[in-house]
Amino acid sequence: MRVLALLHEAFGGQGGIAQFNRDFLSAAAAGPTVEQVVVLLRHLPAPPGPLPDRILLHRLAAAGKIPFALAVVQAALLGGGIDLVVCGHLRLLPLGRLAARLARVPLLLLAYGIDVWEPPAGKRGLDGVDGVLSISEFTKGKLLRWAGIPAARIHVIPPAVDPARFGAGPRHQALVGRYRLAGKTVLLTLARLAASERYKGIDEVLDCLPDLAARRPGLVYLVAGDGDDRPRLEAKARSLGVADRVIFCGRVAEAEKADHYRLADAFVMAGRGEGFGIVFLEAMACGVPVVGSTLDGSREALRDGRLGLLVDPDDRTALADAIATALAMPKGVPDGLDYFHVARFAERVQTLLDSVRATPDESPGRRASTRGR
C-alpha cells in the first residue's frame with residue numbers, strides 16, 4: 001500500500017496535533033502492508049529531523065497555497081500509484097477529496113480536536129470521506145452532530161506515548177536552577193497560550209492559587225508554553241497577588257519536555273476544549289500525578305479517573321481540592337498507562353488503514369484501488 005498524506009504540521013512542528021501526526025505517520029510507515037507514505041506538509045516551522053523509513057516528506061511550507069495544491073494533484077496523478085489518501089485537517093479536505101477522486105482511492109480524515117467540533121462556515125459535511133480517525137469518543141460525538149456520515153465510519157484511536165521518550169526520573173538540576181525551584185512544590189501546566197485557546201484551564205488554576213498557597217506556602221505554578229495570551233495571564237497573576245509564585249517559562253523544546261514534566265509534583269489542565277490531551281499521557285509516563293476535566297476529552301486520557309483525578313473546572317473549590325490531593329500523592333507511573341503504549345497505537349493504526357482501504361466504493365466516479373492486492 002502507498003499512502004498520500006496531506007497535513008498542516010507533523011515533523012518539525014510542536015504541540016499535540018503535530019505529535020499525533022508524527023506518531024500516525026510513523027505507525028503507518030512501519031506497517032507490514034505499507035510500502036511508502038508520501039507526506040505533503042503545509043507548515044514546517046523547524047527542521048524535521050531524521051525521518052522513519054518509508055516516509056517521503058515533501059517540504060512545501062514556504063510554497064504557498066497554489067503550489068501546494070499543484071503538488072497534491074501531481075502526487076495523486078503521477079505519484080506512482082496511490083492506494084489511500086489521508087487528510088489531516090478540515091481545511092485541507094477539499095484537496096483531500098480532489099486527490100482521492102483523481103487517484104480513485106479511499107479518503108481517510110484525521111479528526112483531532114476542537115477544529116472538528118463544529119462544521120466550517122459555509123462548508124458541507126463529510127461526504128466523500130470513507131473513514132474518520134477520531135482521537136476520542138468525545139470528539140466522535142461532536143462530529144456526529146454535523147458530519148452526515150454513519151457512526152461506523154468514525155474509528156476511535158487514542159493518541160500514544162512512547163516510554164522510550166517519557167519516563168520517571170529525578171529533577172534535572174539545570175532546570176531547577178533555571179527556574180529557582182530548589183525546595184519548592186511544583187504544579188505544572190504545559191499548553192499553548194493562545195487567546196483562541198483559553199479553554200485550557202490556566203485561568204481557573206490561577207484563581208485557585210491563593211487558596212493553594214495558603215495550604216502549601218512553598219508552592220509555585222510553572223506554566224510551560226507561549227502565545228499571544230501570555231501577557232494577559234501574567235497580568236492576571238499580578239492582580240491576584242500570586243505573580244511571585246507563577247513562572248512563565250515560555251515554549252519548551254521537544255528535547256527538554258520530559259525533563260520539564262519531571263520537575264512537577266502534579267500536572268493540571270482542567271479545561272473545556274481538549275479533544276484528548278497528549279500532555280496527560282506524557283506527564284503520567286514521567287510519573288507525575290495529573291488533574292483533568294470532566295467536561296472534555298481529557299477524561300478519556302485519564303480513563304474516566306482510573307489514571308488520574310477528574311474535576312469540574314467551574315467548581316473552584318473542587319478544583320483546588322483536586323490539585324491539593326494530586327500534590328500530596330506519591331509520584332509514579334500509574335498502572336494501566338500501557339493502554340496508550342506506542343506499540344498498541346501502531347496496531348490500531350494498521351488495522352484502521354487496512355479497513356478503510358477495503359471500504360467498498362459508494363461514490364460515483366471513484367473505485368477502491370486494487371493495486372498490490
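The values are calculated or read from the model by the stated rules, or taken from the named source; none is laboratory data. As the structure is a computational prediction, the values presented were derived from the model and not from experiment. Note that each Cβ is placed from the backbone with ideal geometry, even for glycine, and that neighbours are counted across all protein chains shown.
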- Message: If Asp335 meets every condition in (1) outside any loop (DSSP other than H, G, I, E, B); (2) out of contact with any helix residue (DSSP H, G or I) (no Cβ under 6 Å at 6 or more places or on another chain); (3) within 28 Å of Phe138 (Cα to Cα) apart from one, which number is that one?
- Response: (1)
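Okay, residues lined up against (1) crowded, with 20+ Cβ neighbours inside 10 Å; (2) outside any loop (DSSP other than H, G, I, E, B); (3) aromatic (Phe, Trp, Tyr); (4) on the phi < 0 side of the Ramachandran plot:
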{"position": "Val132", "(1), (2), (3), (4)": "yes, yes, no, yes"}
{"position": "Trp146", "(1), (2), (3), (4)": "no, no, yes, yes"}
{"position": "Ala152", "(1), (2), (3), (4)": "no, yes, no, yes"}
{"position": "Arg171", "(1), (2), (3), (4)": "no, no, no, yes"}
{"position": "Ala174", "(1), (2), (3), (4)": "no, yes, no, yes"}
{"position": "Gly177", "(1), (2), (3), (4)": "no, yes, no, yes"}
{"position": "Gly183", "(1), (2), (3), (4)": "no, no, no, no"}
{"position": "Thr189", "(1), (2), (3), (4)": "yes, yes, no, yes"}
{"position": "Arg198", "(1), (2), (3), (4)": "no, yes, no, yes"}
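If we only count helices (runs of 4 or more DSSP H) wholly inside the range 1-106, which ones have 3 or more residues that are under 26 Å from Gly297 (Cβ atoms) and outside the structural domain of Ala224 (by TED's automatic domain parsing)?
On the way: elements: 16-30, 65-78, 93-103.
Ranges flagged: 16-30.
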- Item | Failed condition for Ala71, given (1) touching a helix residue (DSSP H, G or I) at 6+ places or on another chain (Cβ under 8 Å); (2) touching a residue at least 24 places away in the same chain (Cβ under 8 Å) | (1)
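Every residue, every condition in (1) under 18 Å from the mean Cα position of the chain (by Cα); (2) free of Cβ contacts under 8 Å to residues at least 24 places away in the same chain; (3) under 29 Å from Arg198 (Cα atoms), yes or no:
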{"position": "Tyr112", "(1), (2), (3)": "yes, no, yes"}
{"position": "Trp117", "(1), (2), (3)": "yes, no, yes"}
{"position": "Gly125", "(1), (2), (3)": "no, no, yes"}
{"position": "Asp130", "(1), (2), (3)": "no, no, no"}
{"position": "Ile135", "(1), (2), (3)": "yes, no, yes"}
{"position": "Arg145", "(1), (2), (3)": "no, yes, yes"}
{"position": "Pro150", "(1), (2), (3)": "no, yes, no"}
{"position": "Pro159", "(1), (2), (3)": "yes, no, yes"}
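When you go through Val39, Val73 one by one, which is the residue that is of a type in the set (Val, Ile, Thr) and either under 26 Å from Gly225 (Cβ atoms) or crowded, with 19+ Cβ neighbours inside 10 Å (or both)?
Exactly one residue qualifies, and that residue is Val39.
Only one residue in Leu25, Leu84 is within 19 Å of Ser134 (Cβ to Cβ) and within 18 Å of the chain's Cα centre (by Cα). Which one? Spell out how you get there, then give the answer.
Values: Leu84 fails: within 18 Å of the chain's Cα centre (by Cα).
Checking each option against the conditions leaves just Leu25.
Consider Val223 carefully, then state whether it is within 22 Å of the chain's Cα centre (by Cα) and either in a helix (DSSP H, G or I) or without any contact (Cβ under 8 Å) to a residue 24 or more places away in the chain (or both). First the steps, then the outcome.
Values: within 22 Å of the chain's Cα centre (by Cα): yes; either in a helix (DSSP H, G or I) or without any contact (Cβ under 8 Å) to a residue 24 or more places away in the chain (or both): no.
So Val223 does not fit the description; no.
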- Item | Tally, over the range 286-323, of residues that are under 19 Å from the mean Cα position of the chain (by Cα), buried (at least 24 other Cβ atoms within 10 Å of the Cβ) and part of a helix (DSSP H, G or I) | 2
